Amino acid sequence: MATHPAPLPLREFCPLYYLLNAIPAKVQKGFRSVLVYLTALDSNSDYIAIGCSIGMLYLYCRRVSQMNKYNLEGKCEAITAVKLLSCFDDLVAVGTASGRVAFFQLVSPLPGRNKQLRRFDVVGLHKSTITALAWSANGMKLFSGDDKGRVVYSAVDLDQGVCNPVVLFEEPSAIVQLEYSQKVLLVSSHQRSMLFYTQEQSHHQLGTKPRKSNGKFGACFQPALCKQSDLVVYAARPGLRLWRTDVRGRVGETHVLKPLFNQDIPQFELFPRSGPNTGYRPSERQLGMVSCFLKEGWVLSWNEYSVYVVDCTNQVIIGGLESSGDIVSVSCTENEIFILKGDRDILRISNCPEGLVSNCELQY
């Protein structure tokens, strides 16, 4: 009888020195030396995008091991959100502390693809800090949300070189997370999560009960090639609960995860570092923003104090990282979790070293 190898644990194999060393720790602004803090992060199989405190976007191309930097120009301010998209053209959107939104159409070496870097600006509709960005799969729609609750939709036409933004709606509290699929925008704010149907211009709240407490609780679509009516949503709730709903916001299942957190949580094994031990337990554990990760039924959740991977199907915590409140941003690819921590530390948590992705995925 054939035996299957045990799944490899999620851990940090090596610090990302090549990435961090390519970003200066400080820059010269006139007669002043200004420290550079890393403030936002996104990743996919082709790129790692990092926003910083001086309005510069650093974009590392994983295919050719090359770092490029893109200046937003104008006011020097922190980038607070970044979002990558790989479709026919590679795109990266950024949002800033003052509410500026821009995106870059990247140069591609492939025949028939874009040969000149282009920047598009979403002008004037946000007046406060950008907290979330989301692309449509074809790159023709960009959604942005801010900390006052405003959500903007930008219609993108790369052939014509135009970007036309409009305000979609305003929530009464800050936007936490945005996702878009099959003409449905999934919106999470400090007060609630809801589904906005872009064609009908209507919405449904997830569930019928209001949250018992406000906070940074996110929601995500379960990845699937399906029609709109079959979309499935995972939504974080206070008290270590996770809803599974349909595309109309009806709750089909509530995962009560608190008993799992009463046990010892397996921590991601980190590469040894000099300095103080980062081991820390938050005073109150909570879920945060969420994303589906690696296997069906696995959910990645994070906030400033913790990162957890939970197997909802088997009711098991796969692994976690707990800190003292210095987690800035988290992003995941097929089998990698990138964690921006502190002023300028980026962790890569995975089941295998970089460059061996396909071999490791076979074990799951």
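Springs join every pair of Cα atoms under 10 Å in this Gaussian network model of the chain, and among Gln177, Gln160, Gln286 the largest mean-square fluctuation is at Gln160.
Note on the chain: GNM, Cα springs under 10 Å; of Ser202, Ser291, Ser189, the largest mean-square fluctuation is that of Ser202. Projecting the Cα positions of Phe31, Asn21, Tyr180 onto the charge dipole of the chain (unit charges on Cβ atoms of Lys, Arg, Asp and Glu, taken about the Cα centre) puts Phe31 furthest along the positive direction. Given +1 at the Cβ of Lys and Arg, -1 at the Cβ of Asp and Glu and no other charges, the dipole of the chain around its Cα centre is 660 debye to the nearest 20. Note: segment 1-153, Cα convex hull, 182 Å³ per residue. When segment 69-110 is described by a simple charge dipole with +1 on each Lys and Arg Cβ and -1 on each Asp and Glu Cβ, the residue from Phe103, Tyr70, Ala81 located farthest towards its positive end is Ala81. For the chain, the relative contact order comes to 13 percent (Cα pairs under 8 Å, sequence separation of at least 6). Each of Ser213, Val156, Pro238 was placed along the dipole of the chain (beta-carbon charges, centred on the mean Cα), and the one lying farthest toward the positive end is Ser213. Taking all Cα pairs closer than 8 Å and separated by 6 or more residues, the relative contact order of segment 175-325 comes to 17 percent. Placing +1 on each Lys and Arg Cβ and -1 on each Asp and Glu Cβ, with no other charges, gives segment 34-170 a dipole about its Cα centre of roughly 180 debye.
Restricting to Cα pairs below 8 Å that are 6+ residues apart, what does the relative contact order work out to for segment 17-170? Please round to a whole percent.
Computed over segment 17-170, the figure is 13 percent.
Pick from Ser45, Ser301, Ser229 the residue whose mean-square fluctuation is largest in a GNM of the chain, springs joining Cα atoms under 10 Å. In this elastic network of the chain, the residue with the biggest mean-square fluctuation among Ser45, Ser301, Ser229 is Ser229.
From the alpha carbon centroid of segment 112-158 to that of segment 219-296 is 27 Å. Here mean projected area of the Cα convex hull in nm² was calculated from the structure, and among (1) 20.5; (2) 21.3; (3) 22.4 it sits at label (1).
Placing +1 on the Cβ of every Lys and Arg and -1 on the Cβ of every Asp and Glu, with no other charges, gives segment 175-325 a dipole of roughly 480 debye about its Cα centre.
Its DSSP H runs of at least 4 residues, each contributing -39,500 (n - 2.57), put the calculated 222 nm mean residue ellipticity of the chain at -500 deg cm²/dmol, to the nearest 500.
Across segment 175-325, counting alpha-carbon atoms alone, Rg and Dmax equal 16.0, 55 Å. Each Lys or Arg adds one and each Asp or Glu subtracts one; over the other residues with Cβ under 14 Å from the Cβ of Gln66, this totals +1.
Just so you know, all these numbers are worked out from the coordinates, no wet-lab data involved. Worth saying up front: this structure is predicted, and the values here are computed from it rather than measured. No Cβ is skipped: glycine too gets one built from the backbone with ideal geometry, and neighbour counts run over all protein chains shown.
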